[in-house]
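For reference, the structure is listed below as structure tokens.
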Amino acid sequence: EEEVSRKLQERIDAYDPVADEKSISQFSDLPITEGTLKGLKEASFVSLTDVQKKTIPIALKGEDLLGTAKTGSGKTLAFLIPTIEILVKNKITEFDGLAALIVSPTRELAVQIFEVLTKIGKYNSFSAGLVTGGKDLKYEKERVSKMNVLVGTPGRISQHLNETVGMETSNLQVLVLDEADRCLDMGFKKQIDNIIGHLPPTRQTLLFSATQSDSVKDLARLSLTNPKRVGVSSDQ
Ligand code: ADP
Ligand code: MG
């Protein structure tokens, strides 16, 4: 197992996102674990989309990322695959508490992300929870502190970070801000700032957006450290 992870790390280290972009077309070309590959295969994901080719290798290297690509371009896998790999690499299990946070503007989008996560992550041992409001807060509170990955809306995640006893963030490895433009348009700036304020600065942050407004750039400045910027198609 150590040998396998050392070899994966060597492949990640050797990867040059610019020079090697063309050599990657299928998920099996990526330096990722067997479990994730199996999950992808069973969900019928074979070839990478453009945004996935440009972002996944950078995120696997541990870099912060600002990814801009239009709706429908495949941004969900672009952040879920690196997120899962970070959890596996850090050997995150039920005893390790919160390791990844995925923030999405609406309940519907959060549900979609959660479904893809549980599908492609089913061969891995981390636990994942969905927090979007609507459900009983007390019921959620008893469960969220046991989760390694939380997917949810800014308001509810912010509320749990403020109120839920046992919500430990010191082991957080990765923050994903998905559909950042929509989150900001919907008035979630305060909640997102609050979430970021709760998290250790050593984390990796992946920020995705369909458009690049000034407010997205402000959020990028606040949340990312030396980010790589990736834009796909006319939206860059
Ligand atoms: P975005 O977040 O950029 O709007 P999604 O991640 O929701 O895009 O993906 C849009 C659609 O494309 C979804 O139905 C998803 O299942 C599909 N999709 C994403 N990546 C791939 C892929 N590599 N191969 C096939 N279908 C994909
Ligand atoms: Mg999306």
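Bear in mind that the values in this text are calculations on the coordinates, not laboratory data. Remember, predicted model here, so these are calculated numbers, not experimental data. Note that each Cβ is placed from the backbone with ideal geometry, even for glycine, and that neighbours are counted across all protein chains shown.
Lysine pairs, Cα distance under 20 Å, 8 or more residues apart or cross-chain: how many in the stretch 1-80? Count of close lysine pairs: 16. One chain, two ends: residue 213 and residue 186. Fully extended at 0.36 nm per residue, the span grows by 8.4 nm beyond their Cα-Cα distance. Using Cβ point charges alone (K and R +1, D and E -1), the dipole size of the stretch 152-236 about the Cα centre works out to roughly 200 debye. Each of 129, 12, 77 was scored by the projection of its Cα onto the charge dipole of the chain, and the greatest displacement toward the positive side belongs to 129; charges sit on the C-beta of Lys, Arg, Asp and Glu.
How do 179, 42 rank when sorted from fewest to most other Cβ atoms within 10 Å of their own Cβ? Mind showing how you got there, number by number?
Details: 179 20, 42 12.
Sorted ascending by nearby Cβ count, the order is 42, 179.
Convex hull volume per residue, computed on the Cα atoms of the stretch 61-112, equals 109 Å³.
Full extension of the chain between residue 89 and residue 165 gives 24.6 nm of extra length, using 0.36 nm per residue less the Cα-Cα distance. Structural descriptor for the stretch 113-236: relative contact order 20 percent, calculated from alpha carbon pairs under 8 angstrom and at least 6 residues apart.
Quick check: convex hull of the Cα atoms in the stretch 1-111, volume per residue, rounded to a whole Å³? Provide the component values of the computation, followed by the final result.
Values: hull volume 14.1 nm³, N = 111.
Hull volume over Cα atoms, normalised by residue count, gives 127 Å³.
With r defined as the distance between the Cβ atoms of residue 10 and residue 44 and R0 fixed at 41 Å, what FRET efficiency is calculated, to the nearest 0.05?
Numbers: r = 29 Å, r/R0 = 0.72.
The calculated FRET efficiency here is 0.90.
Across the stretch 2-235, how large is the tail of the calculated P(r) beyond 28 Å, expressed as a percent of all Cα pairs? I get 25 percent for the Cα pairs in the stretch 2-235 exceeding 28 Å. Taking all C-alpha pairs of the stretch 133-195, those more than 16 Å from each other amount to 45 percent.
Quick one: compute the contact order of the chain, relative version, from alpha carbon pairs under 8 angstrom and 6+ residues apart, as a percent.
Working: 410 pairs, mean separation 60.0, N = 236.
Relative contact order comes out at 25 percent.
Mean residue ellipticity at 222 nm from the helices of the chain, using -39,500 (n - 2.57) per DSSP H segment of n ≥ 4 over the full residue count, to the nearest 500 deg cm²/dmol? Walk me through the intermediate numbers first.
Numbers: 10 runs with 106 residues, N = 236.
Result for the chain: -13500 deg cm²/dmol, rounded to the nearest 500.
Taking other residues whose beta carbon is less than 12 angstrom from the beta carbon of residue 175, and scoring Lys, Arg as +1 and Asp, Glu as -1, yields -1.
Would you work out the charge dipole size for the chain about its Cα centre, treating the Cβ of every Lys and Arg as +1 and the Cβ of every Asp and Glu as -1, and quote it to the nearest 20 debye?
On the way: 30 positive and 32 negative charges, 56 e Å.
About 260 debye.
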